1. For the list (1) surrounded by fewer than 18 Cβ atoms within 10 Å (Cβ to Cβ); (2) within 36 Å of the chain's Cα centre (by Cα); (3) free of Cβ contacts under 8 Å to residues at least 60 places away in the same chain, I need the number of the one condition that Leu407 fails.
2. Tally the residues that are aliphatic (A, V, I, L, M) and surrounded by fewer than 22 Cβ atoms within 10 Å (Cβ to Cβ), restricting the search to region 207-221.
3. Suppose we filter region 158-211 for residues that are within 27 Å of Val301 (Cβ to Cβ), outside any loop (DSSP other than H, G, I, E, B) and of a type in the set (Ser, Thr, Tyr); how many remain?
4. Tell me the strands (runs of 3 or more DSSP E) entirely within region 33-118 that contain at least 2 residues that are touching a Phe, Trp or Tyr at 6+ places or on another chain (Cβ under 6 Å).
5. List the pairs whose first member sits in region 20-47 and is under 17 Å from Gly141 (Cα atoms), whose second member is open to solvent by less than 40 Å² (accessible area, probe 1.4 Å) and among the aromatic types (Phe, Trp, Tyr), and whose Cβ atoms are under 9 Å apart, counting only residues at least 6 apart or on separate chains?
6. Return only the number of the condition from (1) over 16 Å from Pro352 (Cα atoms); (2) in contact with a helix residue (DSSP H, G or I) (Cβ under 7 Å, 6 or more places away or on another chain); (3) surrounded by fewer than 15 Cβ atoms within 10 Å (Cβ to Cβ); (4) β-branched (Val, Ile, Thr) that Val420 does not satisfy.
7. Need the failing condition index for Gly333 against (1) at pLDDT 95 or above; (2) part of a strand (DSSP E or B), just the number.
8. Among the residues of region 245-299 satisfying the criterion of being in contact (Cβ under 8 Å) with a residue 60 or more places away in the chain, of a type in the set (Asp, Glu) and assigned to a strand (DSSP E or B), which is most open to solvent (accessible area, probe 1.4 Å)?
Amino acid sequence: MTTSPRPPLRLGIAGLGTVGVGVVKIVRQKADLLARRTGRPIVISAVSARSRDKDRGVALTGYAWENDPVALAKRDDVDVFVELMGGDDGPAKDAIEAAIALGKDVVTANKALLAHHGQALAEAAEAKNAVIRFEAAVAGGIPVIKSLTEGLAGNEISRVMGVMNGTCNYILTRMQDAGLPYDEVFAEADALGYLEADPNLDVGGIDAGHKLSLLSAIAFGSRVDFDGVALEGIQRISIEDINQAAELGYKIKLLGVTQMTGRGLEQRMSPCLVPADSPLGQLQGGTNMVVIEGDAVEQVVLRGPGAGEGPTASAVMGDVCDIARGFRLSTFGVPATDLVVAKSAQSNSPAPYYLRLALEDKPGAMAKIATALGDNGISIDRMRQTRHDDAHAPVLIVTHKTQRSALDQAIEAMRVSGVVASDPVALRIETV
């Protein structure tokens, strides 16, 4: 007795930028491999993009073309709608909603859309017995979502942290390796095409914050709460901070951390000092890393390319292959209606802090700083004043463990003391 071959899984791809072209290449070049691994052919029925005539380096003549991504999502010959356009609203959202309304599965790399509308989209999809898969939305080619929802499903997750924006990691490591100031490396990254059209999405921590909010939902069974992510970018990190951190045995990373505490769900994306010899400290260039801590597995470290044609298209195709195999999973690992509204909590777990100050060079300035710290219960672990030729004295302080709320009160006292020449830079020293 022979088994009838399963029909092809037909894709409609909206967005033919770097990632979309990468997906087309994989489907075309690895058709036999994909069919063997999933038990059915995977084919592209139709595509959509802003420009039909653009040379993308790959032949598209065999596919139907739709100018409107919503029309693409509604085509009868599209089983899975693959959204690679981007944007937290507009055509991407409209097209995904159209696909879901018809009970079609969706694969997307759109972390901004899910961070803002993930709950509503998940509920709509699950009501139609459709799935939304989004491995490519977080950390490029690293299978972090699959790890959380499947491989680590038997764990109570205590903390997830990581470096999730390759552009920021490139800027910080380039500053250290070349001894260049932030503004110069920022311009270099822009010229290389590493930055988003709105650079603040990268350097302001917003892009990485979107990703962190999605991981929080999966790790803790909570509704996506991007507004609850405390965001701080890397714009104020100077080459002086980079060098001082190195002398102390640390490196500076834009680090995302999420954990459920007795006060509620903590989510923060901010520059931190991490030990230079730790896996996160050794992370170079555009590479991403996610560290997951669970009660049974203890700690898992996932490292890999955070962006680019191949890695991100690989993540898209991993989701497509799961759908082709018939694997069904709720969007965030549990039914969307079971996701809880977690109380948002400011991160207040004690930690040592790196504090950089520029003081007015006048008698009593340092005493006022020590008083501001002492009045808020903060003790100094070490302090250094570097040589200077102008009227402002650079001072570096490393505190013993303290709560961020206490440090913020001390910094406010410094601001009104009349001896601080500019806003202090305070960076958490993270245990990893």
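The values are calculated or read from the model by the stated rules, or taken from the named source; none is laboratory data. Here the structure is a predicted model, which means the values were calculated and not measured. Cβ coordinates were reconstructed from backbone atoms using ideal geometry, including for glycine residues, and neighbour counts include every protein chain displayed. Quick note on the areas: whole protein, heavy atoms, side chains included, nothing else; ligands and nucleic acids left out. Shrake-Rupley method; radii C 1.70, N 1.55, O 1.52, S 1.80 Å.
1. In the conditions (1) surrounded by fewer than 18 Cβ atoms within 10 Å (Cβ to Cβ); (2) within 36 Å of the chain's Cα centre (by Cα); (3) free of Cβ contacts under 8 Å to residues at least 60 places away in the same chain, Leu407 misses (1) alone.
2. 0
3. Qualifying residue count for the region: 4.
4. 42-48, 105-108
5. Listed pairs, sorted by first residue: Val24/Tyr63.
6. (3)
7. Only one criterion in (1) at pLDDT 95 or above; (2) part of a strand (DSSP E or B) is unmet by Gly333, namely (2).
8. Glu293
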